[in-house]
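Asker: Structure provided below as structure tokens; questions to follow.
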Amino acid sequence: MKVLISEDGRKYLWNGGNFQSKYGTIKENKIKDGILKTNLGKKFVCFDASFADRLVKIKRGPAIMLRKDIGNIVASTGVNKNSRVLDAGSGCGVLASFLAMISKHVTSYEKNKEFFKIAKNNFKMLGADVKIKNKDVYKGISERNLDLITLDLLEPWRVLRHAEKSLRSGGYLAAYVTNVIQLSELARKSRRFRFYVEKISETIEREWVADNLKIRPRHHGLMHTGFLVFLRRI
């Protein structure tokens with residue numbers, strides 16, 4: 001699979017056959033890494049597609065967590081090739097897929113049967129090694145000695161008593177919540193269990209334009225999307 005990017009920054013995925021867009025056509029046998037031209041003389045940059053590029057092909061269902069928030073989770077928890085992770089609230093499977101790229105073992109729980117099927121198919125398409133279960137995390141966690149539990153749920157505090165048993169000492173619970181009421185409830189109730197509130201944050205991203213001598217921030221950015229609550233198992 002290849003990525004083709006037009007002169008005005010539009011990105012396309014190509015996986016065989018002639019490439020066609022409003023900028024013109026490129027014959028299949030002409031598609032290779034480098035600078036390509038359409039029959040209309042429009043230029044494209046071409047290179048191999050990455051895992052992140054292929055994400056645009058996933059089937060959507062519920063809202064997905066954005067990369068800026070996923071990056072915060074990875075950096076803040078130090079998840080790595082030796083980590084054992086549980087993700088609950090699979091949704092479309094985006095977060096679990098990213099975690100599977102760098103973790104030893106990832107299990108994902110999704111109680112909604114429709115979302116379960118969507119995530120399972122997306123894992124297969126992306127080549128993400130995730131064990132997915134059609135299971136309600138509010139009712140319990142089977143896995144033990146986990147390094148990280150990620151939650152994208154309406155009531156994450158209902159998982160605390162299960163997470164306490166499943167996380168290793170020092171392990172993280174990272175919850176994505178969309179409003180201050182959820183944030184407050186989770187932080188307050190976490191103190192009833194063996195958890196330390198390490199950090200509460202939001203991630204704001206603003207890209208910049210670099211066009212010859214014109215260097216400036218874009219007029220719009222990815223501002224507030226949600227809060228991340230990081231708890232540590234004591």
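Laboratory data are not the source of any read-out in this text; all were calculated from the coordinates shown. Bear in mind that the values here come from a model prediction, so they are computed numbers and not experimental data. Using ideal geometry, Cβ is built from the backbone for each residue, glycine included, and neighbour counts are taken over all protein chains shown.
Asker: Can you find, among Ala210, Tyr196, Ile181, the residue sitting farthest towards the positive end of the charge dipole of segment 175-234, where Lys and Arg contribute +1 and Asp and Glu -1 at Cβ?
Answerer: After comparing all options, I get Tyr196.
Asker: Now for a different question. Towards the positive end of the charge dipole of segment 1-82, with charges on Cβ (+1 Lys, Arg; -1 Asp, Glu), say which of Trp14, Ala52, Ala75 has the farthest Cα.
Answerer: Trp14
Asker: Also, I was wondering about something else. Cβ neighbours within 10 Å, averaged per peptide: list 119-130, 209-220, 156-167 in order, most packed at the top.
Answerer: Numbers: 119-130: 18.7, 209-220: 8.0, 156-167: 20.6.
Highest to lowest by the protection proxy: 156-167, 119-130, 209-220.
Asker: Tell me the relative contact order for segment 134-232 as a rounded percent, counting alpha carbon contacts under 8 Å between residues six or more apart. Write down the numbers at each step before the final one.
Answerer: Numbers: 160 pairs, mean separation 28.8, N = 99.
It rounds to 29 percent for segment 134-232.
Asker: A follow-up question, please. For His224 and Lys42, FRET efficiency with R0 = 41 Å and r from the beta-carbon atoms, rounded to 0.05?
Answerer: Details: r = 37 Å, r/R0 = 0.90.
FRET efficiency, Lys42 to His224: 0.65.
Asker: Also, I was wondering about something else. Identify which of Ala187, Ala175, Ala49 has the largest mean-square fluctuation in a Gaussian network model of the chain, with springs joining Cα atoms closer than 10 Å.
Answerer: Maximum fluctuation in the GNM of the chain, among the listed residues, is at Ala49.
Asker: A further question follows. Within the set Lys59/Lys120; Lys81/Lys189; Lys2/Lys104; Lys2/Lys32; Lys139/Lys199; Lys81/Lys111, which residue pairs have Cα atoms separated by over 20 Å?
Answerer: Working: Lys59/Lys120 10 Å; Lys81/Lys189 31 Å; Lys2/Lys104 28 Å; Lys2/Lys32 8 Å; Lys139/Lys199 26 Å; Lys81/Lys111 27 Å.
Over 20 Å apart, Cα to Cα: Lys81/Lys189; Lys2/Lys104; Lys139/Lys199; Lys81/Lys111.
Asker: Short version: ³J(HN,Hα) in whole Hz for each residue of segment 133-142, in order, from phi by Karplus 6.51 cos²θ - 1.76 cosθ + 1.60 (θ = phi - 60°), x for Gly and Pro, what are they?
Answerer: 10, 7, 9, 8, 5, 4, 8, x, 10, 7
Asker: How much length, in nm to one decimal, is gained on full extension between Asn121 and Lys11, taken as 0.36 nm per residue of separation minus their Cα-Cα distance? Write down the numbers at each step before the final one.
Answerer: Details: separation 110, 0.36 × 110 = 39.60 nm, distance 2.36 nm.
Full-extension gain reported as 37.2 nm.
Asker: How big is segment 28-125 on each of its three principal axes, counting only the C-alpha atoms and giving the largest first in Å?
Answerer: That gives 50, 32, 22 Å along the principal axes, largest extent first.
Asker: Report, in deg cm²/dmol and to the nearest 500, the calculated mean residue ellipticity at 222 nm for the chain, where each DSSP H run with n ≥ 4 adds -39500 (n - 2.57) and the sum is divided by the residue count. The partial results should precede the final answer.
Answerer: On the way: 6 runs with 54 residues, N = 234.
Computed mean residue ellipticity for the chain: -6500 deg cm²/dmol.
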